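Every number here is computed from the coordinates shown, using simple stated rules; none is lab data. Owing to the predicted nature of the structure, the values given are computational and were not obtained by experimental measurement. FYI the Cβ positions are ideal-geometry reconstructions off the backbone, even for glycines, and counts take in every protein chain you see.
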Amino acid sequence: MLICGVDEAGRGPLAGSVYAAAVILDVNNPIIGLADSKKLSEKKRDFLSGEIKTKALAWGIASCTCQEIDEINILRASLLAMTRAIDAMQAQFNVIPDLVQVDGNKCPKISLPCEAIVKGDSKVQAISAASILAKVARDAELYELDKVYPQYGFAKHKGYPTAAHLLTLQAHGICPQHRLSYAPVRALLK
């Protein structure tokens with residue numbers, strides 16, 4: 001039975017895209033150390049991301065932009081990114097999973113059998129793998145944004161509403177990569 005784990009990264013930040021990944025692990029080629037991406041160091045996530053891309057039967061990564069998040073809301077954007085990740089995986093590896101398991105309490109609108117698992121990223125290895133790919137991909141985007149908008153410190157806080165990020169918003173205003181529908185950003189528009 002081919003089980004596809006799906007998870008997202010970046011629902012809480014004030015800036016950048018929300019990412020999702022879909023992963024079908026190879027039971028004959030295990031990956032040691034998989035866990036919820038939030039419980040791993042950046043160095044360990046980067047290492048495991050390479051392992052997943054090498055050893056998994058299939059994987060896909062996709063995102064929704066900050067503009068899409070503002071248009072349809074973060075929940076819908078997260079679910080849409082998940083759908084895109086599953087589609088990307090199927091297109092790239094020409095594989096159809098028997099079951100999709102998603103971290104959380106909602107499933108994306110897909111034509112495959114799907115179940116939501118609360119705290120799935122710490123219970124299901126394929127979801128853990130997806131959480132790692134999504135987080136590494138999102139972090140990579142924020143490092144690139146940091147080069148374009150160095151005044152915001154995106155490389156440090158990854159867009160999350162830290163005290164430092166909120167101070168830079170006050171000092172520099174918003175940039176095109178900020179989510180306008182999020183309260184701290186929206187407050188600056190008034």
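Each Lys and Arg adds +1 at its Cβ and each Asp and Glu adds -1 at its Cβ; summed about the Cα centre, the chain shows a dipole of about 500 debye. Taking all Cα-Cα distances within the chain, those exceeding 20 Å account for 52%.
Computed from the alpha carbon atoms alone, the convex hull of the stretch 20-88 holds 98 Å³ per residue.
Could you list V18, V148, V124 in order of exposure, starting from the residue whose Cβ has the fewest other Cβ atoms within 10 Å?
In increasing order of surrounding Cβ atoms, one gets V148, V124, V18.
Against the chain, whose longest principal axis comes from its Cα atoms, helix 163-172 is set at around 50 degrees.
DSSP beta bridges fully contained in the stretch 3-189 are about 65 percent antiparallel.
Out of the DSSP beta bridges found with both residues in the stretch 1-101, what percent are antiparallel (nearest 5)? Counting DSSP beta bridges with both partners in the stretch 1-101, the antiparallel share is about 80 percent.
Mean residue ellipticity at 222 nm, helices only, the chain: -14000 deg cm²/dmol; runs of at least 4 DSSP H residues each add -39,500 (n - 2.57), and the sum is divided by the number of residues. Could you tell me how many degrees, from 0 to 90 and to the nearest 10, lie between the Cα long axis of helix 125-148 and the main elongation axis, the longest principal axis, of the Cα atoms of the chain? The helix 125-148 is inclined about 30 degrees to the chain.
When each of I31, I127 is scored by the number of other beta-carbon atoms lying within 10 Å, the sequence from fewest to most is I31, I127. Cross-link partners for K158 among the lysines, with Cα-Cα distance under 26 Å and sequence neighbours closer than 8 places in the same chain left out: K38, K39, K43, K44, K53, K106, K119, K123, K135, K147, K190. Please give the net charge around L169, taking every other residue with its beta carbon less than 12 angstrom from that of L169, where Lys and Arg add +1 and Asp and Glu add -1. Residues near L169 contribute +2 overall. Just to confirm a number: summing +1 for Lys and Arg and -1 for Asp and Glu over residues other than I127 whose beta-carbon lies under 12 angstrom from that of I127, what do you get? For residues surrounding I127, the net value is -4.
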